[in-house]
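Following: one structure in C-alpha cells, then a few remarks.
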Amino acid sequence: MVNMRRRGAGKRPYAKAAVEFQRKENRMQNNLFRKFDGIIVIDTETTGLDSKKDEIIELAAIKLVRNGSDYITAGEIDIFIKPSPEKKLPPRIVELTGITDHILKEDGLSKAEACEKFSELLSGGKNLIIAYNAQFDMCFLYYFLCNQNKQELLNDIKIIDALTVYKDRREYPHKLSDAVEAYSLSTQNTHRAIDDAKATLELINAMGRENADLERYINLFGYNPKYGVSGPRISSVTYVAQHYNEPLKLYEKTVT
C-alpha cells in the first residue's frame, strides 16, 4: 500500500497500436514482464509544486502489455482535469505548459471522471509504474486518488523512477530535456504530460538497452542530499542519497 509518512488539448481515446522492438531492444521489457503484467508510464502537469495543496491539471499515461513475443500499447490517456473552483493557474504554469484556465474549463474532466479513466488503465493484473521524477508524480497522484477515496488503487504498486536511473547513467544536469538530448530521443520534452510520458517511455527503453539493470531500481529512489526528499515519503519506497557522478550505482550503495 502506498502510505505517506509526512516529511518536511483535449482527451485522447484509448489506442491499440503495436510498439516495435527489435530482439535486442526487448531486453528491458522481457526482464520487467517476468514480474509484471503491464507497464504504465505516467506524467502530470500541476498547479504548483506542493502535492498537498496544489492539484493535477493534466494526467497522461501509456500502458504496455505483452502480446505474444511483442508488446502493444493497450491503453493511453491524456486528459485535462478541472481544478477546484477557487484555483486559478499561476502565470508561470500557463507560460510553462501552455495550459490556461479557459482550456481547463472547456476541455477538462471532473476529478471523478479523470479518476475513473485512470482506474480503468490500472485494471488487469500487476502493474509497474514508471515516471521521470516519480516522487513528484506519485505524491500528486496519491493525494488526487485520496480525494476520490480511491487510494487503494496504489496498494502494493511498484515504481521505477527514470530520473534516478538517468542520474546513474549520465553526468549533471538531469532534466528530462537533458536526457532527451543525451540519448538522441525523437520525442521532445514539452512540459505537456503526454509528450513527457512518451519521452520517458522512449528514455526507459534506451536505458534498458544500455544496461539491463532496471529491475534493481524498482521502488528505489535517489534524492539530492543537499535538499532531502521532496514531499512526503512513500512507505514502500527505499530512499538513498544520490550524489552527482558517483562511481557506484545507487543499488550498490549501503542503504542508510
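Rule-based calculations on the coordinates, nothing more; no lab input. This is a predicted model, so every value here is computed, not measured. Neighbour counts are summed over all protein chains in view; Cβ atoms, including those assigned to glycine, are modelled from backbone coordinates with ideal geometry.
Observations on the structure shown:
- Solution diffusion estimate, µm²/s, Stokes-Einstein, segment 205-256, Kirkwood Rh from C-alpha pairs, 4 °C, viscosity 1.567 mPa s: 106 µm²/s
- Calculated SAXS-style log₁₀ I(q)/I(0) at q = 0.16, 0.20 Å⁻¹ - segment 152-256, Debye, Cα scatterers: -0.76, -1.16
- Virtual paramagnetic centre 7 Å along Cα→Cβ of Asn224, amide N under 17 Å, in segment 28-65: 49-51
- Two-decimal Rg to Rh for segment 4-252 - Kirkwood Rh, Cα set: 0.94
- Residue separation of Ser184 and Arg169 scaled by 0.36 nm, minus their Cα-Cα distance, works out to 4.0 nm of gained length.
- Chain lengthening between Asn155 and Lys126 when straightened (0.36 nm per residue, less Cα-Cα): 9.4 nm
- Beta bridges from DSSP with both residues in the chain: antiparallel share about 65 percent, rounded to the nearest 5.
- Note on segment 65-177: antiparallel DSSP beta bridges, both residues inside, total approximately 40 percent of the bridges counted.
- Neighbours of Leu89 by Cβ distance under 15 Å: Lys/Arg scored +1, Asp/Glu scored -1, total -3.
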